[in-house]
1. Collect the residues in segment 116-138 that are in a helix (DSSP H, G or I) and either open to solvent by 20 Å² or more (accessible area, probe 1.4 Å) or at pLDDT below 95 (or both), keeping them in residue-number order.
2. Checking PHE151 against (1) touching a residue at least 40 places away in the same chain (Cβ under 8 Å); (2) within 30 Å of PRO29 (Cβ to Cβ); (3) not in a helix (DSSP H, G or I), which test does it fail?
3. In this structure, is ALA141 in contact (Cβ under 8 Å) with a residue 24 or more places away in the chain, closer than 30 Å to ALA167 by Cα, assigned to a helix (DSSP H, G or I) and open to solvent by less than 10 Å² (accessible area, probe 1.4 Å)?
4. Which ones in segment 14-39 are open to solvent by less than 20 Å² (accessible area, probe 1.4 Å) and not aliphatic (A, V, I, L, M)?
5. Would you confirm whether any residue within segment 246-267 is in contact (Cβ under 8 Å) with a residue 60 or more places away in the chain, hydroxyl-bearing (Ser, Thr, Tyr) and more than 23 Å from ALA146 (Cβ to Cβ)?
6. Hey, CYS250 hits all of (1) under 29 Å from VAL50 (Cα atoms); (2) modelled with pLDDT of 90 or more but one; which does it fall short on?
7. Please specify each residue of segment 144-153 satisfying the condition of being out of contact with any strand residue (DSSP E or B) (no Cβ under 9 Å at 6 or more places or on another chain) and open to solvent by 60 Å² or more (accessible area, probe 1.4 Å).
8. For segment 105-115, what are the residues that are within 18 Å of the chain's Cα centre (by Cα) and open to solvent by less than 50 Å² (accessible area, probe 1.4 Å)?
Amino acid sequence: MLDGEGRLIEYLRLSVTDRCNCRCTYCMPAGGVPMLGHKDILSFEELTEVVGACAQLGVRKVRLTGGEPLVRRGLPELVRMIRAVPGVEELAMTTNATLLAPVAAELHHAGLDRLNVSLDTLDAARYAELTRGGSLEDALAGLAAARDAGFSRTKVNCVLMGGVNDADVPRLAELARTEPIDVRFIELMPMGPCAGWPKARFVPAEMVLEAVPGLVPLRRDGVAELWHAPGWVGNVGLIRPMSHRFCDGCSRIRVTADGRLKPCLHSSAEIALRGLHGEALLAELRRGIAAKPAYHHMDRDHASQSARDMNEIGG
């Protein structure tokens, strides 16, 4: 399935809940946000039906997101259901990993292929402050459990925040020295609670290259530019949403936990899918994909046009 710009759409980011056990400062307001009721979110059967329709249109990769997907009960069963959908070649999940350790092996056995772990610091006090109460120990235990369960090519995602976690960049990058993982640094986006933050918070990804000397360019991997240091097992990635460097190659669509298609993360446009089946569901998916914008309009002076916070959309 091609969008209106001729881009091949083959990647679905599927939110399974808007709830999270953390309250990251750039993701949620300090007081939290109104949460959807259980009846308002798609059931496992509905989620699987959406995946099946997307697969008919050419989607080959599915990523489960939240909120925090692991707060949704019975997630391994959903993994098994989606894994059985014809056409799905890769099934991944983004998580803060604090709830991962007890279920990592079960998720891997159910058919989950890969993990992205959100980790913005390796300082326990700063982690608790950024997540408003999260445990770095639990997150690191989740990472270790993922490795022991057999997950490979795990990616660690760090949101860059000037004056907040700059000092953590070298330590985080060092995770790739001895582990076969990609540590990816993401430019902070003016979206939701951080849309009004001081300009100094929004630092370019180039600062990683200054903080970690010796990195050499390797290749592109989706939205990330990969860099490598001689002798390191893993890689360092730079993701630059603020500079539009990957909009022309964007292959993804998003579906929220309440069943609304978002062709672009930073657009306010949404298309309701819940209650649709068969050809009606396929038709609305085609309509949304065809209307996917060429690029977002976000920069240091213009906030995201999305009407939702990140926890309502999925990272």
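The values are calculated or read from the model by the stated rules, or taken from the named source; none is laboratory data. Please read these numbers as outputs of a predicted model, since none were measured by experiment. A quick note on method: Cβ atoms are made from the backbone with ideal geometry, for glycine too, and the neighbour counts reach across all protein chains shown. Quick note on the areas: whole protein, heavy atoms, side chains included, nothing else; ligands and nucleic acids left out. Shrake-Rupley method; radii C 1.70, N 1.55, O 1.52, S 1.80 Å.
1. So the first thing to find is which residues in segment 116-138 are in a helix (DSSP H, G or I), and the list is 124-131, 136-138.
Selection gives ALA124, ALA125, ARG126, ALA128, GLU129, GLU137, ASP138.
2. (2)
3. Taking the combined requirement at face value, the residue does not satisfy it.
4. SER15, THR17, ASP18, CYS22
5. Let us first name the residues in segment 246-267 that are in contact (Cβ under 8 Å) with a residue 60 or more places away in the chain, namely 248-259, 263, 266.
Cutting the leftovers down to hydroxyl-bearing (Ser, Thr, Tyr) gives us 251, 256.
Retained after the next criterion (residues that are more than 23 Å from ALA146 (Cβ to Cβ)): 251, 256.
Yes - at least one qualifying residue is present in segment 246-267.
6. Looking at each condition in turn, CYS250 falls short on (2).
7. Step one: list which residues in segment 144-153 are out of contact with any strand residue (DSSP E or B) (no Cβ under 9 Å at 6 or more places or on another chain), which gives 144-145, 147-150.
Of everything in segment 144-153, those that are out of contact with any strand residue (DSSP E or B) (no Cβ under 9 Å at 6 or more places or on another chain) and open to solvent by 60 Å² or more (accessible area, probe 1.4 Å) turn out to be ARG147, ASP148.
8. Those that are within 18 Å of the chain's Cα centre (by Cα) and open to solvent by less than 50 Å² (accessible area, probe 1.4 Å): LEU107, LEU112, ARG114, LEU115.
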